[in-house]
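Working notes, beginning with the structure itself.
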Amino acid sequence: MTDETALNALREAARLSPENLPLRRHLAGLLLAAGRFAEAADEHRAALALSPGDVDLTIGLAEAYVGLGEYNRALRTLDPLVDMPDRPIRIDMLMVRAALPVNRPGAVHWYRHAVGRDPSQADPELAARLGLEDAPPAAPVPQAPVPPAPAPAAQPPSLIPAPAAPAPASPSTNPLPPLIPASPPPPYTPPQPAYGAPYGSAEAEPTAEVERSRVDFSDVAGMEEVKESLRMKLLLPVMQPELFAAYGKRAGGGVLLYGPPGAGKTHLARAAAGELGAAFIDVGLADILDMWTGSSERNLRATFEMARRNRPCVLFFDEVDALAARRSDMRQAHSRQIVNQFLAELDGVDEHANEGVLVLAATNAPWYIDVAFRRPGRFDQMVFVPPPDVAARAATLSLMCRDKPLEKIDFDRVAKATEGFVGADLKGLVDRAVEAKLQESIRAGRPVPLSTPDLMAAARTMRPTAVREWLGTARNYVLHANESGVWDDLLPWLRGLR
């Protein structure tokens, strides 16, 4: 078993020297060997950030995912390596172990291919799970040919192997030994990619994963009105079902979060799931969109079905305007079909289909979303996630610094110096201050606490990213396309824009 003292020393060294790639590689390998798969995955990701595309680190990350039971993530991690010439045999066997538990196509072929390349990789237990007890290997080791029998001098030597012992000729008996197995194995074909459904498949396997959020509303600074809206929509109907049933209200529904980039919409969605202890499914565009006609719609349906199987569940679509854009702006029928399928899934096959499923979506451009999504029963509630005010910025900075060595910090002072900053900007500020403090700590040989001047110095080197630009775009819609009053929540934020 790995010595805990040595591991702690390596962790501290990696914390003080985060860009030391050999150190991080060594620590990641030790954690993986010790079976600490969650820590190993974190360290492999940190090392890959320093050395993107490193084959050994990528394989190690996939092994950690397999150890954690996150098989789809392992498949996606390995996917860039499967076409690599002379790839390590570990990749083939990892593909087998990741594909088998989730019934992905290709596990049998990967196993045959691995054993064909290296017979020592044969695993009777794994073969039994694949149903290959009696199956011949994909590439059997060729046997030495039987030497030909001596021929008369007057005749040329025969090119066909002769039998080892004379046998009487018979019309129904071939005296020659077979040169190939009687039942040849099926030809090797590469497995389907780890994402999407195979072309022509009637059913799709969702590639998004069910997670358990580690954050809740206590980790979200400010935005009390937004949090209260989400509590009423999902949390309270689950916690007090009898009271809500008396009014005919059920858990579930749709909420569209919109606001400037970096304001914390994704973090808020994760916190909503964590507050309830519900499953969380973060759906990316790559989990839905597919080049084959009809596959995107099947992927969307499979993702909703997975959420319904894991209710209560928060199903989160980021950058939803790419999946729910206005159909009048689309030129391709395929894109319109995706929007139609999305609308159908939000409605469900019956009124109880999506009970216990809260569909959260986030976008920076809500004005591009098809108006049909705002109908009651779909995304019937649009929630503006505003840039944080001074109090929210101070609380956000306090949360971001809580796990770091600190002196007494005046977060209010720093918050006043960061007008227009969103959550992503504040995180960048803290990261920049930490990097400067790490250099000082390395020179001092000990952790030096973070102070108010450190944060103020970092704030002076930064500018807010996109809030003013986003509000400038939003003003055009509020002033010229707000007949229904849908953008009224933006009005207070536009009054101070010059």
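The values are calculated or read from the model by the stated rules, or taken from the named source; none is laboratory data. Since we're looking at a predicted model, the values are computed, not measured. Please note: Cβ atoms are built from the backbone with ideal geometry, for glycine as well, and neighbour counts cover all protein chains shown. Keep in mind that these areas ignore ligands, DNA and RNA; they rest on the heavy atoms of the full protein, side chains included. Shrake-Rupley method; radii C 1.70, N 1.55, O 1.52, S 1.80 Å.
Which pairs do you get when a residue that is at pLDDT below 85, found in segment 249-260, comes within reach of a residue that is among the aromatic types (Phe, Trp, Tyr) and crowded, with 24+ Cβ neighbours inside 10 Å, reach meaning Cβ atoms under 7 angstrom, with the pair 6+ apart or on two chains?
Final answer for the pair search is GLY254/PHE379.
Determine whether ASN299 is among the polar types (S, T, N, Q), at negative phi, within 19 Å of the chain's Cα centre (by Cα) and open to solvent by 30 Å² or more (accessible area, probe 1.4 Å).
So ASN299 does not fit the description; no.
Of all residues in segment 51-83, which are open to solvent by 50 Å² or more (accessible area, probe 1.4 Å) and either in a loop (DSSP other than H, G, I, E, B) or in contact (Cβ under 8 Å) with a residue 40 or more places away in the chain (or both)?
PRO52, GLY53, GLU70, ARG73, ARG76, ASP83
Report the residue count in segment 395-416 for those that are part of a helix (DSSP H, G or I) and of a type in the set (Val, Ile, Thr).
Residues flagged as part of a helix (DSSP H, G or I) and of a type in the set (Val, Ile, Thr) within segment 395-416 amount to 2.
List the helices (runs of 4 or more DSSP H) inside segment 417-498, counting only whole elements, that have at least 2 residues being of a type in the set (D, E, K, R) and either out of contact with any helix residue (DSSP H, G or I) (no Cβ under 8 Å at 6 or more places or on another chain) or open to solvent by less than 20 Å² (accessible area, probe 1.4 Å) (or both).
Filter on segment 417-498 gives 423-444, 467-480.
Evaluate the following for ALA361: is it under 26 Å from PRO237 (Cα atoms) and in a loop (DSSP other than H, G, I, E, B)?
So ALA361 does not fit the description; no.
For segment 272-306, name all the residues that are at pLDDT below 90 and among the aliphatic types (A, V, I, L, M).
ALA272, ALA273, LEU276, ALA278, ALA279, LEU285, ALA286, ILE288, LEU289, MET291
Taking only segment 374-392 into account, find how many residues are of a type in the set (A, V, I, L, M) and more than 15 Å from ALA269 (Cα to Cα).
Total satisfying the criteria: 3.
Suppose we keep only residues that are among the small types (Gly, Ala, Ser) and in a loop (DSSP other than H, G, I, E, B) within segment 364-394. Which one would you say is farthest from LEU455 (Cα to Cα)?
GLY377
Which of the residues belonging to segment 30-47 are within 16 Å of the chain's Cα centre (by Cα) and either more than 19 Å from GLU12 (Cα to Cα) or of a type in the set (Asp, Glu) (or both)?
Listed by number, the list holds a single entry, ASP42.
Identify, from the list GLY356, GLY377, the residue that is on the phi > 0 side of the Ramachandran plot and open to solvent by 20 Å² or more (accessible area, probe 1.4 Å).
Of GLY356, GLY377, the one residue that is on the phi > 0 side of the Ramachandran plot and open to solvent by 20 Å² or more (accessible area, probe 1.4 Å) is GLY377.
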